[in-house]
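> Let me begin by handing over the structure; questions about it come next.
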């Protein structure tokens, strides 16, 4: 349904981008606070270079334009990832249908008029150009994605895995260039407010157990009822997963390594809301093969649906609220250990079930978490 | 190595449950009617129709309650538990299924209580074992299960599908159960009294919530074991079709019948489910570790619960003190020196005190 509405103004999140653009063009600092929101604009200053053209249009026109470009970005990303994976062109229509009409993260992105499809496009362009040996373009697009939102920095791990230090250097140089450009156009006082007041807000622990947060942290927060021990579990697990991706990524094909890195983007981000999960398109396409079709279909289905009345789900059943997390965890494992995936999935399944049972028993014995 | 561990866990569980069976009864239903009805029979010197609104379950088939006239009730429950373990071992020639079924908080609790679910379980599983080669015996045995609890009538469906000589099976079953329901009809006008008489409350109405299946294993009223849920993704193949038919049908039966008994009402089917689970587990090392982990945790949990009985069993705590500490006085009446009891439905201890 959401695809039928892209020619109408959509989404709460777009207001943030639009107001930031308008304020920026009017000479106001959006990092001090937005007009209709209780929080400030919370994207890095480079993002203003990307967003400011919105301010030249009135709200409705800008929003509709944004929606059309967002849909175009995801379609172009699917095309590029398919190209990277080497899949036949005839599959594009099929992929486009499955990743738009029936894929909640994409619909959620469009519905909220979020920015993630543009990030997906920049990352896809970066990877596409990288594998077409146009590494400067690749570095430019990745640095642009990193400049808009810090999280895509994880894709540098892919270049680390490929031992391509030059590419990392290119990305860093482009990033420095973008920062320099932003320093020319975005006043230093704005940048200081961003670094001093806004950036630290990203590291607060609020609302991480929210259903829409499908990262490892979200999963742990729901499982352990926001226990203060979560950082002590989250950071070591994130560290291990980066280490395993790096180590194992050097032994598997580049497609699998890239799929694993894409999954990390979603797993170890403390707040990876469901609209971030349009990035799961990358591993789903890269890992596609006939042998693993069942696991991939299960992952797709886990990612594609959403639970509308998530607040009605009882505490005992809240494991189901982490469906996107499980899908990406399985995809990550499939990328790195395809040969042992059945054993690994059995292991995950056992651990989760046993853990919930154990917590239930503890709770019955009056030691509730 | 893992077999030895499982065997040791099983033996430990049997011993721990035995200790639990030696303590005074504290279960609500047991004190309300499973024990009080035979006590009334004993006091009257005869088995008779108990009029009034309190013992409306006294018209249901009560084979086990009558056995309680002759045998220590909790020890009988414990015995039916280990007898089922024995049958499982005979059927599978392995301790794995027995451990999966037996080493659970639910079986542990029922082994120390005068609830009749373990005797029903024994008869139900024996009937399943006999169904393929001995239809008459299977009919008699499932008749005994129905004579223990009316809900066992539901088991006729899967057994009728599996049995080859259906008429023989049905006739032998009906001959066993007929006296109970006929007597109930004569006394109340309803063969399945209190079912159909309109006196049961809303909790006895069937509920159809698909999440009940999940909650049963992970967040139940009475904890069983997550192993049945754990093996679920691995059972979709063509092996053991008869067992799978039984498992599917009994799951449906459990789903469509009232769930007032929590996990107790699915327990009679679980020995067969455990056979299927054991087959899956035996093929996957990770799941075998899971069984060892779960059974060890369950054993520790049961041990912690039973440890409350140790002062009483050693003679360091009186029966009254034990009951005052462990009875749920919100639901069960008992006169304690320092606590007010808001409960009801406990004539068992009072008749004992009153007459002896």
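> I'd like to check something: does the stretch B:200-207 contain any residue that is more than 14 Å from chain A (Cβ to nearest Cβ) and touching a helix residue (DSSP H, G or I) at 6+ places or on another chain (Cβ under 7 Å)?
yes
> Can you name the condition, by its number, that residue B:67 falls short on among (1) surrounded by 23 or more Cβ atoms within 10 Å (Cβ to Cβ); (2) modelled with pLDDT of 90 or more?
The single condition residue B:67 does not satisfy is (1).
> Moving on to the next point. Out of A:366, A:340, A:291, which single residue is in a helix (DSSP H, G or I), surrounded by fewer than 19 Cβ atoms within 10 Å (Cβ to Cβ), within 14 Å of chain B (Cβ to nearest Cβ) and free of Cβ contacts under 8 Å to residues at least 24 places away in the same chain?
Details: A:366 fails: in a helix (DSSP H, G or I); A:291 fails: within 14 Å of chain B (Cβ to nearest Cβ).
Result of the check over A:366, A:340, A:291: A:340.
> Does residue A:297 qualify as being assigned to a helix (DSSP H, G or I), more than 9 Å from chain B (Cβ to nearest Cβ), modelled with pLDDT of 95 or more and surrounded by fewer than 20 Cβ atoms within 10 Å (Cβ to Cβ)?
Details: assigned to a helix (DSSP H, G or I): yes; more than 9 Å from chain B (Cβ to nearest Cβ): yes; modelled with pLDDT of 95 or more: yes; surrounded by fewer than 20 Cβ atoms within 10 Å (Cβ to Cβ): yes.
Considered against the rule, which asks whether it is assigned to a helix (DSSP H, G or I), more than 9 Å from chain B (Cβ to nearest Cβ), modelled with pLDDT of 95 or more and surrounded by fewer than 20 Cβ atoms within 10 Å (Cβ to Cβ), residue A:297 comes out as yes.
> The conditions are (1) closer than 24 Å to residue B:5 by Cα; (2) buried (at least 22 other Cβ atoms within 10 Å of the Cβ); (3) within 14 Å of chain A (Cβ to nearest Cβ), and residue B:263 fails exactly one of them. Which is it?
Checking residue B:263 against (1) closer than 24 Å to residue B:5 by Cα; (2) buried (at least 22 other Cβ atoms within 10 Å of the Cβ); (3) within 14 Å of chain A (Cβ to nearest Cβ), the one that fails is (1).
Every residue, every condition in (1) more than 23 Å from residue A:274 (Cβ to Cβ); (2) surrounded by fewer than 19 Cβ atoms within 10 Å (Cβ to Cβ); (3) touching a helix residue (DSSP H, G or I) at 6+ places or on another chain (Cβ under 6 Å), yes or no:
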| position | (1), (2), (3) |
| --- | --- |
| A:197 | yes, yes, no |
| A:211 | no, no, yes |
| A:232 | yes, yes, no |
| A:236 | yes, yes, no |
| A:248 | yes, yes, yes |
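> Does residue B:168 satisfy being under 24 Å from residue B:247 (Cα atoms), more than 14 Å from every other protein chain (Cβ to nearest Cβ) and under 24 Å from the mean Cα position of the chain (by Cα)? Step through it out loud before you land on a result.
On the way: under 24 Å from residue B:247 (Cα atoms): yes; more than 14 Å from every other protein chain (Cβ to nearest Cβ): yes; under 24 Å from the mean Cα position of the chain (by Cα): no.
When the stated conditions are applied, residue B:168 does not pass them.
> Based on what the data block shows, is residue B:144 in contact with a helix residue (DSSP H, G or I) (Cβ under 9 Å, 6 or more places away or on another chain), crowded, with 21+ Cβ neighbours inside 10 Å and closer than 30 Å to residue B:309 by Cα? Break it down into steps so the answer makes sense when it comes.
Numbers: in contact with a helix residue (DSSP H, G or I) (Cβ under 9 Å, 6 or more places away or on another chain): yes; crowded, with 21+ Cβ neighbours inside 10 Å: yes; closer than 30 Å to residue B:309 by Cα: no.
The answer is no for residue B:144.
> Could you say which residue among A:32, A:65, A:25, A:75 is closer than 23 Å to residue A:279 by Cα and either at pLDDT 95 or above or more than 23 Å from the chain's Cα centre (by Cα) (or both)? If you could, list the steps in order and put the result at the bottom.
Details: A:32 fails: closer than 23 Å to residue A:279 by Cα; A:65 fails: either at pLDDT 95 or above or more than 23 Å from the chain's Cα centre (by Cα) (or both); A:25 fails: closer than 23 Å to residue A:279 by Cα.
Testing whether each residue is closer than 23 Å to residue A:279 by Cα and either at pLDDT 95 or above or more than 23 Å from the chain's Cα centre (by Cα) (or both) leaves just A:75.
> If residue A:308 satisfies all but one of (1) away from chain B (no Cβ under 14 Å); (2) loosely packed, with under 15 Cβ neighbours inside 10 Å; (3) assigned to a helix (DSSP H, G or I), what's the number of the condition it fails?
Of (1) away from chain B (no Cβ under 14 Å); (2) loosely packed, with under 15 Cβ neighbours inside 10 Å; (3) assigned to a helix (DSSP H, G or I), only one is false for residue A:308: (3).
> Is the stretch A:67-80 home to any residue that is crowded, with 17+ Cβ neighbours inside 10 Å and over 30 Å from residue A:288 (Cα atoms)?
No - not one qualifying residue is present in the stretch A:67-80.
> Still on this model: Can you say whether residue B:188 is away from every other protein chain (no Cβ under 14 Å) and surrounded by fewer than 17 Cβ atoms within 10 Å (Cβ to Cβ), as far as the supplied structure shows?
On the way: away from every other protein chain (no Cβ under 14 Å): yes; surrounded by fewer than 17 Cβ atoms within 10 Å (Cβ to Cβ): no.
For residue B:188, the condition - away from every other protein chain (no Cβ under 14 Å) and surrounded by fewer than 17 Cβ atoms within 10 Å (Cβ to Cβ) - is not met.
> Looking at the structure I just gave you, is residue B:258 in contact (Cβ under 8 Å) with a residue 24 or more places away in the chain, more than 14 Å from chain A (Cβ to nearest Cβ), surrounded by fewer than 17 Cβ atoms within 10 Å (Cβ to Cβ) and within 22 Å of the chain's Cα centre (by Cα)? Spell out how you get there, then give the answer.
Numbers: in contact (Cβ under 8 Å) with a residue 24 or more places away in the chain: yes; more than 14 Å from chain A (Cβ to nearest Cβ): yes; surrounded by fewer than 17 Cβ atoms within 10 Å (Cβ to Cβ): yes; within 22 Å of the chain's Cα centre (by Cα): yes.
Yes; evaluated as a whole, the condition is true for this residue.
> Let me ask something else about it. Tell me which helices (runs of 4 or more DSSP H) are completely within the stretch B:281-341 and hold 1 or more residues being without any contact (Cβ under 8 Å) to a residue 12 or more places away in the chain and either within 16 Å of residue B:15 (Cα to Cα) or within 11 Å of chain A (Cβ to nearest Cβ) (or both), or say none if there are none.
Because the criterion is at least 1 residues that are without any contact (Cβ under 8 Å) to a residue 12 or more places away in the chain and either within 16 Å of residue B:15 (Cα to Cα) or within 11 Å of chain A (Cβ to nearest Cβ) (or both), the helices (runs of 4 or more DSSP H) in the stretch B:281-341 that meet it are B:285-306.
> Among the residues of the stretch A:26-45, are any surrounded by 14 or more Cβ atoms within 10 Å (Cβ to Cβ), touching a residue at least 12 places away in the same chain (Cβ under 8 Å), closer than 23 Å to residue A:191 by Cβ and out of contact with any helix residue (DSSP H, G or I) (no Cβ under 8 Å at 6 or more places or on another chain)? Before the answer, list the steps.
As a first pass, look at the stretch A:26-45 and keep what is surrounded by 14 or more Cβ atoms within 10 Å (Cβ to Cβ): A:28-34, A:37, A:40-45.
Subsequent filtering for residues that are touching a residue at least 12 places away in the same chain (Cβ under 8 Å) retains A:29-32, A:34, A:37, A:40-45.
After this cut, where a residue has to be closer than 23 Å to residue A:191 by Cβ as well, the list is A:29-32, A:34, A:37, A:40-45.
Going one step further and asking which of them are out of contact with any helix residue (DSSP H, G or I) (no Cβ under 8 Å at 6 or more places or on another chain), we end up with none.
Among the residues of the stretch A:26-45, not one is surrounded by 14 or more Cβ atoms within 10 Å (Cβ to Cβ), touching a residue at least 12 places away in the same chain (Cβ under 8 Å), closer than 23 Å to residue A:191 by Cβ and out of contact with any helix residue (DSSP H, G or I) (no Cβ under 8 Å at 6 or more places or on another chain), which makes the answer no.
> Turning to a different aspect of this structure: Kindly check whether there is at least one residue in the stretch A:75-95 that is in contact (Cβ under 8 Å) with a residue 12 or more places away in the chain and not in a helix (DSSP H, G or I). Reasoning before the result, please.
The initial filter retains those residues of the stretch A:75-95 that are in contact (Cβ under 8 Å) with a residue 12 or more places away in the chain, namely A:75-85, A:87, A:92, A:95.
Those left that are additionally not in a helix (DSSP H, G or I): A:87.
Yes, some residue in the stretch A:75-95 is in contact (Cβ under 8 Å) with a residue 12 or more places away in the chain and not in a helix (DSSP H, G or I).
> Please list, ordered by first then second residue, the pairs with beta carbon atoms under 6 Å, 6 or more apart or interchain, first in the stretch A:118-130 and assigned by TED's automatic domain parsing to the domain that holds residue A:259 and under 16 Å from residue A:43 (Cβ atoms), second at pLDDT below 95 and not in a helix (DSSP H, G or I).
none
> If you don't mind, there's one more thing I want to ask. Kindly evaluate residue B:254 against the criterion of being at pLDDT 80 or above, part of a helix (DSSP H, G or I) and under 17 Å from residue B:121 (Cα atoms).
Yes, satisfied.
> Sticking with this one: Is it the case, given these coordinates, that residue B:195 is within 14 Å of chain A (Cβ to nearest Cβ) and either in a loop (DSSP other than H, G, I, E, B) or loosely packed, with under 14 Cβ neighbours inside 10 Å (or both)? So that I can check it myself, show each step before the final result.
Values: within 14 Å of chain A (Cβ to nearest Cβ): no; either in a loop (DSSP other than H, G, I, E, B) or loosely packed, with under 14 Cβ neighbours inside 10 Å (or both): yes.
No; evaluated as a whole, the condition is false for this residue.
> Looking at the structure I just gave you, is residue A:258 under 23 Å from the mean Cα position of the chain (by Cα), under 27 Å from residue B:218 (Cβ atoms), modelled with pLDDT of 95 or more and not assigned by TED's automatic domain parsing to the domain that holds residue A:120? Before the answer, list the steps.
Working: under 23 Å from the mean Cα position of the chain (by Cα): yes; under 27 Å from residue B:218 (Cβ atoms): no; modelled with pLDDT of 95 or more: yes; not assigned by TED's automatic domain parsing to the domain that holds residue A:120: yes.
Taking the combined requirement at face value, the residue does not satisfy it.
> Among the residues of the stretch A:233-240, are any farther than 30 Å from residue A:52 by Cα, assigned by TED's automatic domain parsing to the domain that holds residue A:329 and within 17 Å of the chain's Cα centre (by Cα)? Working first, answer last.
Let us first name the residues in the stretch A:233-240 that are farther than 30 Å from residue A:52 by Cα, namely A:233-240.
Right, trim to assigned by TED's automatic domain parsing to the domain that holds residue A:329 and you get A:233-240.
Cutting the leftovers down to within 17 Å of the chain's Cα centre (by Cα) gives us A:238.
Among the residues of the stretch A:233-240, at least one is farther than 30 Å from residue A:52 by Cα, assigned by TED's automatic domain parsing to the domain that holds residue A:329 and within 17 Å of the chain's Cα centre (by Cα), which makes the answer yes.
> Now a separate question. So in the stretch B:208-236, with the set limited to residues that are out of contact with any helix residue (DSSP H, G or I) (no Cβ under 8 Å at 6 or more places or on another chain) and at pLDDT 80 or above, which one is farthest from the other protein chains (Cβ to nearest Cβ)? First the steps, then the outcome.
First, pick out the residues of the stretch B:208-236 that are out of contact with any helix residue (DSSP H, G or I) (no Cβ under 8 Å at 6 or more places or on another chain): B:209-210, B:232, B:236.
If we keep only those that are at pLDDT 80 or above as well, we get B:232, B:236.
Numbers: B:232: 9, B:236: 11 Å.
Within the stretch B:208-236, the match that is farthest from the other protein chains (Cβ to nearest Cβ) is B:236.
> Hey, another quick one. Limited to the stretch A:343-361, what total is found for residues that are at the interface with another protein chain (Cβ under 7 Å from one of its Cβ atoms) and touching a residue at least 12 places away in the same chain (Cβ under 8 Å)?
Number satisfying all stated conditions: 2.
The values are calculated or read from the model by the stated rules, or taken from the named source; none is laboratory data. Remember, predicted model here, so these are calculated numbers, not experimental data. Note: ideal-geometry Cβ built from the backbone for every residue, glycine included; neighbour counts use all protein chains shown.
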